[in-house]
Amino acid sequence: MATIRSFVCIDVPPEVKAAIERLQTKLRHLPVEVSWTRPANVHLTLKFLGDVEEARLGRVGEALDEIAQAHAPFELATDRGGVFPNADRPRVLWIGVRDERGLLRALVAQVEDALAQHGFAREARPFTAHLTIGRVRSERSARELARRFLAEEFPSYRFLVTHLILMRSDLRPDGALYTPLHRAPLRDRS
Ligand code: 2AM
C-alpha cells in the first residue's frame with residue numbers, strides 16, 4: 001500500500017517568512033554547510049506523522065476538522081532564535097514561537113490524543129514550538145554560526161492561527177516539497 005510522508009502544521013504569515021529570509025541572507029556568507037529552509041516552506045509543526053498509508057489520511061483530516069472546530073482562532077508571536085540540540089553542536093536553527101495563553105500547547109495535546117486513537121505513536125519529546133530555518137550539515141564553524149545566529153534579534157510578529165494543515169512532504173534532492181492535503185479551519189468567532 002502506498003504511503004505518504006506527512007505532518008500536521010500551522011502556517012505563518014508572509015512577514016514572518018520575509019524576516020526569516022533576511023536573517024538567512026545575513027548568515028549565508030559563513031563557511032558552514034547549511035540547508036536553509038526555503039522561506040515559503042517555513043511552518044510550525046504540531047505533529048510529525050511519518051509515512052502514512054494513503055487510506056488513513058482521510059480519517060486524519062476528519063480528526064483535525066473535529067479538533068479545529070472546537071477552537072476559536074488564537075494568537076501566537078515569534079520569539080528569539082534557538083538551536084537544537086545545543087549551541088556547541090548546533091544541528092537545527094529555529095525561531096521560537098510564544099504561546100502566552102498555552103492555547104497551542106492545548107491544541108497539540110488534543111492532536112496527540114486524537115491521533116493516538118487512530119494508532120499514531122505519541123511524541124516522546126516535549127513539544128517545543130519552533131520554526132526551523134536551517135539544518136547544519138557540517139561541523140566546521142558551526143559553533144560560530146550558532147553564536148552569530150543567537151546574537152541576532154528577531155522581531156516579535158503577532159499572528160493568528162486560523163487553520164490546521166495536514167501536509168504532504170516529498171523529500172527531493174533540492175529540498176522538501178510540501179503540499180497541503182487538507183486544511184481544517186478553526187471555529188469562526190462570529
Ligand atoms: P523540524 O522542523 O524540527 O525538523 C517535516 O519534516 C516537519 O516535521 C518538520 O517541521 C520537522 O521538524 C517535523 N518533524 C518532527 N519529527 C520529525 C522526524 N522524526 N523526522 C522528520 N521530521 C520531523
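The values are calculated or read from the model by the stated rules, or taken from the named source; none is laboratory data. Since this is a predicted model, take the numbers as computed values, not measurements. Positions of Cβ are backbone-derived with ideal geometry, glycine not excepted, and every protein chain shown enters the neighbour counts. Ligands, DNA and RNA are excluded from the accessible area calculation, which covers all protein heavy atoms including side chains. Shrake-Rupley method; radii C 1.70, N 1.55, O 1.52, S 1.80 Å.
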| message | Here's a check for you: in the stretch 95-116, which residue that is part of a loop (DSSP other than H, G, I, E, B) and within 26 Å of Pro39 (Cβ to Cβ) is least open to solvent (accessible area, probe 1.4 Å)? | response | Asp99
| note | Going through (1) more than 13 Å from the ligand (Cβ to nearest atom); (2) modelled with pLDDT under 95 one by one, Gly175 fails only at (1)
| task | Those residues that are open to solvent by less than 10 Å² (accessible area, probe 1.4 Å) and more than 20 Å from His163 (Cβ to Cβ), I need them from the stretch 77-94; list them, please. | result | Gly82, Pro90, Leu93
| remark: Considering the stretch 117-136, residues that are under 12 Å from Gly96 (Cα atoms) and not in a loop (DSSP other than H, G, I, E, B), and then whichever is nearest to the ligand (Cβ to nearest atom), we arrive at Thr132
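Taking into account only those residues within the stretch 66-76 that are assigned to a strand (DSSP E or B) and touching a helix residue (DSSP H, G or I) at 6+ places or on another chain (Cβ under 7 Å), which is surrounded by the most Cβ atoms within 10 Å (Cβ to Cβ)?
Leu76
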| request: Answer yes if at least one residue in the stretch 142-150 is part of a loop (DSSP other than H, G, I, E, B) and aromatic (Phe, Trp, Tyr), and no otherwise. | output: no
| task | Would you tally the residues in the stretch 1-57 being touching a residue at least 24 places away in the same chain (Cβ under 8 Å), basic (Lys, Arg) and either within 13 Å of the ligand (Cβ to nearest atom) or not in a helix (DSSP H, G or I) (or both)? | result | 3
| query | Looking at (1) surrounded by fewer than 19 Cβ atoms within 10 Å (Cβ to Cβ); (2) more than 16 Å from the ligand (Cβ to nearest atom); (3) of a type outside the set (A, V, I, L, M), can you tell me which one Phe154 breaks? | reply | (1)
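Quick check, is Ala63 modelled with pLDDT of 95 or more, loosely packed, with under 12 Cβ neighbours inside 10 Å and either of a type outside the set (A, V, I, L, M) or out of contact with any Gly (no Cβ under 8 Å at 6 or more places or on another chain) (or both)?
It is false that Ala63 is modelled with pLDDT of 95 or more, loosely packed, with under 12 Cβ neighbours inside 10 Å and either of a type outside the set (A, V, I, L, M) or out of contact with any Gly (no Cβ under 8 Å at 6 or more places or on another chain) (or both).
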